[in-house]
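Asks: Right, I'll just put the structure down here and ask away after.
The values are calculated or read from the model by the stated rules, or taken from the named source; none is laboratory data. It should be emphasised that the depicted structure is a prediction, and the values quoted were computed from it without experimental measurement. Cβ atoms come from the backbone with ideal geometry, glycine included; neighbour counts cover every protein chain shown. The accessibility values were calculated without ligands, DNA or RNA, using every heavy atom of the protein model including side chains. Shrake-Rupley method; radii C 1.70, N 1.55, O 1.52, S 1.80 Å.
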Amino acid sequence: MAVIVTTDWKLEEVARRTYGMCQVSWSPPFDRFDFERGFALPNPTNIRVATQALAWALEAIDNCTWLKPDQDTVVVATKHKAVHELLTDPNKVSKWMKNDKWPKGYVAVKTLLTKCRSILDKMARADFVTLVYI
C-alpha cells in the first residue's frame, strides 16, 4: 500500500507574537490522522517551522504500528526546498552531525535536522520512506 504524507507550515503573527503553524496531512483513507499544531517562536524562521512539521510527520510514521516496512511505501512531501535538499544530500546533515560543525545559518535547527536525518536513515534502510519536495 502507498501512503502519502504532506507537511505544510506557516508563520502567523497574533498580538505581536509570532507562532509557527505546522500541518501534517495523510492521504485517504488515513486522513483521520491529520493534525495541526502551533507553537510560539522566540526566533521565528521558515526553515525552523518547516523542519518541525517534517519531524512531527516522521515521528508519526515511525510510531505507526499498522504501517509495515516490508509491505508499505510512504512518500513524505515537504513544501520547503532547503529542508528537502539538506535531508536528501548525503554530504550535508550527516557530515555536519559526524563532525559537529554546523554552518551558522543551521545551528538553530540543528536538533530538528538531526532528528529528521536519524529517522529517515532508519526507515531508508528498508526503502520504506521517500522524501520529496512539492
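Asks: Residue by residue through region 49-64, note down the ones that are open to solvent by 20 Å² or more (accessible area, probe 1.4 Å) and either hydrophobic (A, V, I, L, M, F, W, C) or touching a strand residue (DSSP E or B) at 6+ places or on another chain (Cβ under 7 Å) (or both).
Replies: GLN52, TRP56, ALA60, CYS64
Asks: Which residue, of THR6, THR73, is in contact with a strand residue (DSSP E or B) (Cβ under 6 Å, 6 or more places away or on another chain), hydroxyl-bearing (Ser, Thr, Tyr), at pLDDT 95 or above and within 22 Å of TYR133 (Cα to Cα)?
Replies: THR6
Asks: Of everything in region 9-26, what is crowded, with 19+ Cβ neighbours inside 10 Å and under 15 Å from LYS79 (Cβ atoms)? Give them in sequence order.
Replies: Within region 9-26, TRP9, GLY20, CYS22, VAL24 meet the criteria.
Asks: For region 27-48, how many residues meet the condition of being surrounded by 12 or more Cβ atoms within 10 Å (Cβ to Cβ), among the aromatic types (Phe, Trp, Tyr) and not in a helix (DSSP H, G or I)?
Replies: Final tally of qualifying residues: 2.
Asks: Pick out the one residue from LEU120, LEU86, LEU67 that is in a loop (DSSP other than H, G, I, E, B), of a type in the set (A, V, I, L, M, F, W, C) and surrounded by 12 or more Cβ atoms within 10 Å (Cβ to Cβ).
Replies: Matching residue, one of LEU120, LEU86, LEU67: LEU67.
Asks: Take the residues in region 70-83 that are open to solvent by 10 Å² or more (accessible area, probe 1.4 Å) and assigned to a strand (DSSP E or B); name whichever of them is farthest from LEU120 (Cα to Cα).
Replies: THR73
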